[in-house]
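S.K.: Sending over a structure as structure tokens; questions will come in a sec.
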Amino acid sequence: MTASIYPTLTDPAAAGHAWVDVDLDAVRHNAAQLHARAGVPLIAMVKADGYGLGAVPISRALGASFADSPPADGTDLAGSPLLWGLGVATVSEARALRDAGCTARILCCTPLLAGEFAEAIALRLRPALHVESDIVTWASIGGGAWHLSVDTGIARAGVRWDEVGPLRKVLPHHRPEGVLTHFQSAEQEDGSRELQDERFRVVCAALADVLPASVLAHSDNSAAIAVRGRSDASLVRPGIALYGAQQHPTLDLRQVVHLRARIVDIRLVNAGESVGYGATWTATETRRIATVPVGYADGYRRHLSNRGQAMVHGARVPVVGRISMDMTTLDVTDVSCAVGDVVTLLGGEAGRPVEAGMTTDAVAARAELSPYELLVGLRLRLPRAYVGHSFGGGT
Ligand SMILES: *Cc1c(COP(=O)(O)O)cnc(C)c1O
């Protein structure tokens, strides 16, 4: 069973008020797309509980090995190596995966404090290190494989590209398994990726004699994979694209997340009457208003007040009035619907294609959020229902 503290629905049809369908087949499809594009195995970034969607089921769906399933690292959907391992940001995220029986390689990209090393070792976590004393400490207390983190311009972690020289002393004695860098704005195609690429290339060349010949170099996030195409690195580290967002013409990503709720109230509002807190919307004629039990406490952001859209029985209906903590109101005048019917606030209705305006990217844009923030926000009290491959597979 998952160690997640978030509820999981096993029967979406019996779902109560509101829930998120997570399409694990779509996750696998997106991983295959990224793999085909990059041509090298993935470190699937499942930090922040799989961008809010459930690190354990996502990892299982991607073929990461678990104690109760055959070792799958290095094998995949199409028989070629798809997954090298998983990427997390904290020791606790690694612990949640291990508690669920995950035996895959796990890389932690965020710097650890020395006080966390012992647990990281117990969890067989691969840390990203860059400080000489940390590298020595890690080895001296029995730490295993680790990756050298190089800052080529994001300036938040890693050894500066122009200050790697002093590490030449320790590297021959403590050799990293991998060497990584991270892009500051690969999605903007502003030339910064090329500059960071060049710095990374220079660092790797300068350290070539003190790095193992087999060192695993990796830099590309989703945006870099999309724009670069075939990678000459050893691995790539996609996150957001696995979850169906940051669509790009070079990829054919499928929607993973579908936010659904049942209508709990329908009422008529007369001309001149307002709906919701602050009376931000007023009917100009008699309108039919449906209430769904989703609000900003569920991650359906307040900024979507009077801007959001939802699907009900194949029709697109507008959010009217302000989104409150627990409820959202929709103008359903033009659609035949009843209390108990399912509304989709993000993604596609079951059995229907996802409309362009309902994708994670589109809804995030309407909410003036990054798709990352939209996804990781959908977690507070929304149960998740897994559909597709791993559904019923012990997640
Ligand atoms: C989050 C993260 C990624 C994945 O980035 P996406 O833009 O979600 O693909 C890759 N590498 C590191 C170090 C990260 O922190």
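S.K.: How much of the pair distance distribution for region 61-187 lies past 17 Å, counting alpha-carbon pairs only, in percent?
M.R.: For region 61-187, the fraction of Cα-Cα distances above 17 Å is 60 percent.
S.K.: Using θ = phi - 60° and the Karplus form 6.51 cos²θ - 1.76 cosθ + 1.60, what ³J(HN,Hα) does each residue of region 100-115 get, whole Hz, x for Gly and Pro?
M.R.: After applying 6.51 cos²θ - 1.76 cosθ + 1.60, I find 7, x, 5, 10, 6, 5, 10, 9, 9, 7, 7, x, 9, 8, 4, x Hz.
S.K.: If you wrap a convex hull around the alpha carbons of region 192-266, what volume per residue comes out, as a whole number of Å³?
M.R.: Value for region 192-266: 141 Å³ per residue.
S.K.: Roughly speaking, what % of Cα-Cα pairs in region 126-277 are separated by over 28 Å, rounded to a whole number?
M.R.: Percentage above 28 Å: 38.
S.K.: Hey, got a sec? Which trypsin sites (Lys or Arg not before Pro) in region 100-156 land in a DSSP loop and have at most 13 other Cβ atoms within 10 Å?
M.R.: Loop-located and lightly packed - Arg156.
S.K.: Follow-up. So if R0 is 25 Å, what FRET efficiency would Asp25 and Glu194 give, r being the distance between their Cβ atoms, rounded to the nearest 0.05?
M.R.: 0.10
S.K.: With the cut-off at 18 Å, report for region 285-395 the share of all Cα pairs above it, as a whole percent.
M.R.: Summing the P(r) tail past 18 Å for region 285-395 gives 51 percent.
S.K.: Quote to one decimal, in nm, the extra length available between Met325 and Arg168 on full extension: 0.36 nm per residue of separation minus the C-alpha distance between them.
M.R.: 51.1 nm
S.K.: With the contact rule set at Cα under 8 Å and sequence spacing of 6 or more, what percent relative contact order holds for the chain?
M.R.: This gives 21 percent for the chain.
S.K.: So between Glu119 and Ala315, what do we pick up on full extension, going 0.36 nm a residue minus the alpha carbon distance?
M.R.: Full extension from Glu119 to Ala315 adds 65.4 nm.
S.K.: Moving to a separate point now. What whole-number value in cubic angstrom gives the convex hull volume per residue for the C-alpha atoms of region 324-372?
M.R.: 126 Å³
S.K.: Given H placed on each backbone N at 1.01 Å, which residues far from Thr328 in sequence or on other chains put an amide H within less than 5 Å of it?
M.R.: Correct list: Val292, Val294.
S.K.: Now for a separate question. Let me know the charge dipole size of region 95-152 about its Cα centre in debye, to the nearest 20, where only the beta-carbon of Lys, Arg (+1) and Asp, Glu (-1) is charged.
M.R.: The dipole of region 95-152 has a size of about 300 debye.
S.K.: Find the relative contact order for region 230-284 and round it to a whole percent, using C-alpha pairs within less than 8 Å whose residues are 6+ positions apart.
M.R.: Over region 230-284, the number comes to 18 percent.
S.K.: Let me ask something else about it. Per residue of the chain, what 222 nm ellipticity follows from adding -39500 (n - 2.57) for every DSSP H run with n ≥ 4, rounded to the nearest 500?
M.R.: -6000 deg cm²/dmol
S.K.: Another question, then. For the pair Ser234 and Ala139, how long in nm is the line joining their label points, each one 7 Å along Cα→Cβ?
M.R.: 1.7 nm
S.K.: Taking the C-alpha atoms of the chain, how large are the radius of gyration and the largest Cα-Cα span, Dmax, in Å?
M.R.: Rg and Dmax of the chain, Cα atoms, are 23.2, 78 Å.
Only the coordinates and a few stated rules stand behind these numbers; no lab work does. It should be emphasised that the depicted structure is a prediction, and the values quoted were computed from it without experimental measurement. Neighbour counts run over all protein chains shown; Cβ positions are idealised from the backbone, glycine included.
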